[in-house]
Amino acid sequence: MSVHIRAKCHVYAKRGKPGEWKLQKISEEKLSPKDVEGLAKEIIEKSRIDPESFLEISRRGSTILQYKQYRVVIVKTPVADAMEITIVAPTTKLSLPDYQLSKPLLERLEKASGILIAGETGSGKSTFALALIENYVSKGHIVKTVESPRDLQAQEEITQYGKNFTSEGEIHDILFLSRPDYVLFDELRYTPDFGLYIDVRLGGGNVLGVVHAASPIDSVQRFITRMEVGMIPSVMDTILFIEKGTVGRVLSL
């Protein structure tokens, strides 16, 4: 699932699947700070050359990039106490039939306009979201995503917008003027993200959002501080709580 490289430490890897993984040591020797710095420079240089790769965020203390299908997070001192590199591989790609959803739930997903896909880190939220939007594409809908970073391995028919390369107003204009049938917000984190989700939904769009939450009610709490409580059912009508890679609970508002 991921490789974790840190100066003065062995290299470790998470192996398994969402909800069922273990950490394994995969290097015989500990890497020196110079070794880790050399790896980071090589990754950044290759991402600039490769046409399928790109730098998503570049700051003084951290760099986030997409190298082909891999998401790479590089953190340097003084942000971290030692230089580290985290490489995350895409999880297994699934289609909606693989989840064996009930007929009533499939019918609800066709009618729902404000869907929130919630779950803990590594539970398989984005994998399910991708399966869902590709199902919408297969039924003749136009789908666009707003991501930060752009790491969904989506089919060519789906346009993926990188939030880090535009302003909030620009993304807003693009979505309202291009009028997609469905918009997926992968990883709602900050208040502007929630604001855009709310605005598109209240504008009549069909929206899906992915959010980290330890329980379904926690995902609702994320909206309470950002809008009037009475308006929440108008924005979000269905919560899909993902547990260990499957749809654990479904709630309606």
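With respect to the stated conditions, residue 215 fails to be loosely packed, with under 15 Cβ neighbours inside 10 Å and more than 16 Å from residue 125 (Cβ to Cβ). Anything in region 85-117 that is under 30 Å from residue 10 (Cα atoms) and open to solvent by 90 Å² or more (accessible area, probe 1.4 Å)? List them, or say none. 92, 93, listed by residue number. Considering region 181-193, the residues that are aromatic (Phe, Trp, Tyr) and closer than 21 Å to residue 127 by Cα include one that is surrounded by the fewest Cβ atoms within 10 Å (Cβ to Cβ), namely 182. Taken together, the residues in region 32-59 that are open to solvent by 40 Å² or more (accessible area, probe 1.4 Å), more than 28 Å from residue 92 (Cβ to Cβ) and at pLDDT 90 or above amount to 9.
Which of the residues belonging to region 7-25 are open to solvent by 80 Å² or more (accessible area, probe 1.4 Å) and not basic (Lys, Arg)?
12, 20, 21, 23
Residue 197 meets all of the listed conditions (1) open to solvent by 20 Å² or more (accessible area, probe 1.4 Å); (2) at pLDDT 90 or above; (3) not hydrophobic (A, V, I, L, M, F, W, C) but one, namely (1).
Would you mention how many residues in region 215-229 are of a type in the set (Ser, Thr, Tyr) and in contact with a Ser or Thr (Cβ under 9 Å, 6 or more places away or on another chain)?
Initially, region 215-229 is screened for residues of a type in the set (Ser, Thr, Tyr), giving 215, 219, 225.
This time we only want the ones that are in contact with a Ser or Thr (Cβ under 9 Å, 6 or more places away or on another chain), so: 225.
Count: 1.
For region 117-148, filtered to residues that are within 15 Å of the chain's Cα centre (by Cα) and polar (S, T, N, Q), the residue that is farthest from residue 171 (Cα to Cα) is 123.
Among the residues of region 125-134, are any of a type in the set (S, T, N, Q) and closer than 17 Å to residue 109 by Cβ?
Kept after step one, since they are of a type in the set (S, T, N, Q), are these residues of region 125-134: 126-127.
Still in the list and also closer than 17 Å to residue 109 by Cβ: 126-127.
Checked region 125-134: at least one residue is of a type in the set (S, T, N, Q) and closer than 17 Å to residue 109 by Cβ.
Restricted to region 129-170, and to residues there that are under 23 Å from residue 212 (Cβ atoms) and basic (Lys, Arg), the residue that is modelled with the lowest pLDDT is 150.
Figure legend. Inter-residue proximity from region 152-180: first residues farther than 15 Å from residue 135 by Cα and without any contact (Cβ under 8 Å) to a residue 12 or more places away in the chain, second residues open to solvent by less than 70 Å² (accessible area, probe 1.4 Å) and part of a helix (DSSP H, G or I), beta-carbon distance below 7 Å, spacing 6+ or different chains. No pairs are indicated. Entry remark, region 42-75: residues being assigned to a strand (DSSP E or B) and not polar (S, T, N, Q) number 13 in total.
Of the candidates 31, 39, the single residue that is under 22 Å from residue 81 (Cβ atoms) and not in a loop (DSSP other than H, G, I, E, B) is 39. Regarding region 82-91, can at least one residue be identified that is at pLDDT 90 or above, farther than 21 Å from residue 184 by Cβ and part of a loop (DSSP other than H, G, I, E, B)? Scanning region 82-91, I find at least one residue that is at pLDDT 90 or above, farther than 21 Å from residue 184 by Cβ and part of a loop (DSSP other than H, G, I, E, B), so the answer is yes. Contact map, region 43-59: first residue within 18 Å of residue 3 (Cβ to Cβ), second residue β-branched (Val, Ile, Thr) and not in a helix (DSSP H, G or I), Cβ cut-off under 7 Å, separation 6 or more or different chains; pairs are 43/72; 44/63.
Among the residues making up region 169-189, those that are in contact with a helix residue (DSSP H, G or I) (Cβ under 9 Å, 6 or more places away or on another chain) and assigned to a loop (DSSP other than H, G, I, E, B) are 181, 187, 188.
Within region 195-214, being in contact (Cβ under 8 Å) with a residue 40 or more places away in the chain, out of contact with any Ser or Thr (no Cβ under 9 Å at 6 or more places or on another chain) and over 22 Å from residue 91 (Cβ atoms) holds for one residue alone: 196.
The values are calculated or read from the model by the stated rules, or taken from the named source; none is laboratory data. Note that the coordinates shown come from a computational prediction; the quantities given were computed from them, not determined experimentally. Please note: Cβ atoms are built from the backbone with ideal geometry, for glycine as well, and neighbour counts cover all protein chains shown. For the accessible areas, the whole protein counts, side chains as well, though only heavy atoms, and no ligand, DNA or RNA atoms are used. Shrake-Rupley method; radii C 1.70, N 1.55, O 1.52, S 1.80 Å.
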